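The values are calculated or read from the model by the stated rules, or taken from the named source; none is laboratory data. Just so it is clear, the structure is predicted and the values come from calculations on it, not from any experiment. Methodologically, a virtual Cβ is constructed for each residue, glycine included, from the backbone with ideal geometry; neighbour enumeration extends over all protein chains shown.
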Amino acid sequence: MSDEYESGGTRPPGPLDGDRGFDLSARLADRERRNLRRRLSPANRVAERAQFAPAAGGDLPVLDGEERLVFASNNYLGLTTDDRVVEAAADAADIVGTGAGASRLVTGDTLVHRDLEDRLAESKHTERALAFSSGYAANVGTIAALDPDVIFSDEYNHASIVDACKLAGAEVIVYDHCDAEDLAAKLGDAARNPETTDGSWLIVTDSVFSMDGDVAPLSDICDLAEQAGAWVMVDEAHATGLYEGGGGIVQREGLSDRVDVQLGTLSKALASQGGFVAGDDDLIEYLVNAARSFVFSTGLAPPAAAAASEALHLARTTDRRDRLWRSVEFLRDGLTDLGFEVPGETQILPVLVGDRGDALALADALYERGVVAPAIRPPTVPEGTSRIRVAPMATHGARNLERCIDAFREAGEEVGVL
């Protein structure tokens, strides 16, 4: 290498010549051709009604002025604008500060965080809980810290679980969606395989699956895990706060003492931001020291922690959960009566359409009628199963629900799917 290059001059000619950058325009064009390009569309508030701005790229967005009903949010209990939650966040900002300021292992640990974690542990029936900056960080940090030798993962698990499995560097065995028999077969195969028979095994699954609204067979999974000597980890992102005592499916099924690791988010029913892990004292103490997404991240903002804590309290002590389930039943019955197929058993209502183009057209027609409900198409869901994902909130009154059903009837007839 020349002295000129070593001293910061012109790089040497020859094999280093050429363009080794990234053609992002071509990648975007390819997404456009496949109907996979998505764009940001800001809203003026996070609630059951909102104004939206047309997608503007990097330009300053301008709201279109027309308010639409939002059936696309994970704000299931409608608590993001509840005065008590807003006041809790404001008080935390005023008293504690707007940000944690550092990792919680340095100076970012506050009494607000501890209050939240105590309430989470109580609702999840565990010894302790630990708050992370996001549910994604909780999954990645926990699985990587556990460092399992073999992971058995449901094929429809959330992307954060998929990425965590890759980061952990484990042998990943994917079993058929919600299929305990296939999991049993895969566990048996692994037990007979010299390359996987030894070491630590982790079975990981969502409890409620966000695109199908179905529920994992957790009791069967726990039975299989106990037979195999494996641990069970359940992500309750779409269930936390919606069942008895503010718990999730694990609590509904009475499995708190059989699930080793419980995860969840604070950004859905709990109307805030962040994620958490709940379990026994040894698990949480270990994660405090070994989960890199916790150790090397600034602590959850105190206003976010306080908002989630108050939202969890309201989920446990008010009628919000009952109101949500009444809305879910009303909407599911109404859509089914129209002739739509709406599988699942939770607050997530996948209205199956089938064809990708029909689903996109139906979403556009609903938007024109004042209803925001997204089209979900491959690769997020399997080919031929494109759908509209409908998610009502506890704050959607009967009139709003009826308007949604009317919009589906008119839009469905216009697009030709009814």
Selected residue (criterion: nearest to Asn289 (Cα to Cα)) from residues of the range 149-177 that are buried (at least 21 other Cβ atoms within 10 Å of the Cβ) and among the hydrophobic types (A, V, I, L, M, F, W, C)
Ala164
Within the range 402-410, is there a residue that is surrounded by fewer than 22 Cβ atoms within 10 Å (Cβ to Cβ), under 20 Å from Leu40 (Cα atoms) and not hydroxyl-bearing (Ser, Thr, Tyr)?
no
Within the range 274-286, does at least one residue satisfy the condition of being in contact with a strand residue (DSSP E or B) (Cβ under 8 Å, 6 or more places away or on another chain), modelled with pLDDT of 95 or more, crowded, with 24+ Cβ neighbours inside 10 Å and aliphatic (A, V, I, L, M)?
yes
Here is a list of conditions, (1) free of Cβ contacts under 8 Å to residues at least 24 places away in the same chain; (2) within 20 Å of the chain's Cα centre (by Cα); (3) over 18 Å from Phe276 (Cα atoms), and Asp154 meets all of them except one; can you say which number that is?
(1)
Looking at this structure, is Leu335 over 30 Å from Ala92 (Cβ atoms) and surrounded by 17 or more Cβ atoms within 10 Å (Cβ to Cβ)?
yes
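So in the range 167-184, with the set limited to residues that are assigned to a helix (DSSP H, G or I) and touching a strand residue (DSSP E or B) at 6+ places or on another chain (Cβ under 8 Å), which one is farthest from Ala138 (Cα to Cα)? Working first, answer last.
Restricting attention to the range 167-184, the residues satisfying the condition of being assigned to a helix (DSSP H, G or I) are 167-168, 180-184.
Cutting the leftovers down to touching a strand residue (DSSP E or B) at 6+ places or on another chain (Cβ under 8 Å) gives us 168, 182-183.
Working: Ala168: 13, Asp182: 27, Leu183: 24 Å.
Filtering first and then ranking leaves Asp182.
Pick from Ala315, Ala301: which is at pLDDT 95 or above, in contact with a Ser or Thr (Cβ under 7 Å, 6 or more places away or on another chain) and buried (at least 24 other Cβ atoms within 10 Å of the Cβ)?
Numbers: Ala315 fails: in contact with a Ser or Thr (Cβ under 7 Å, 6 or more places away or on another chain).
From the options Ala315, Ala301, the qualifying one is Ala301.
If we only count helices (runs of 4 or more DSSP H) wholly inside the range 293-402, which ones have 2 or more residues that are farther than 30 Å from Leu111 by Cα, in contact with a Gly (Cβ under 9 Å, 6 or more places away or on another chain) and in the same structural domain as Phe276 (by TED's automatic domain parsing)? Spell out how you get there, then give the answer.
Details: elements: 302-317, 320-338, 356-368.
No helices (runs of 4 or more DSSP H) qualify here.
Please determine whether any residue of the range 175-190 is closer than 30 Å to Thr318 by Cβ, of a type outside the set (Phe, Trp, Tyr) and modelled with pLDDT of 95 or more.
Just the residues of the range 175-190 that are closer than 30 Å to Thr318 by Cβ, to begin with: none.
No: the range 175-190 contains no residue that is closer than 30 Å to Thr318 by Cβ, of a type outside the set (Phe, Trp, Tyr) and modelled with pLDDT of 95 or more.
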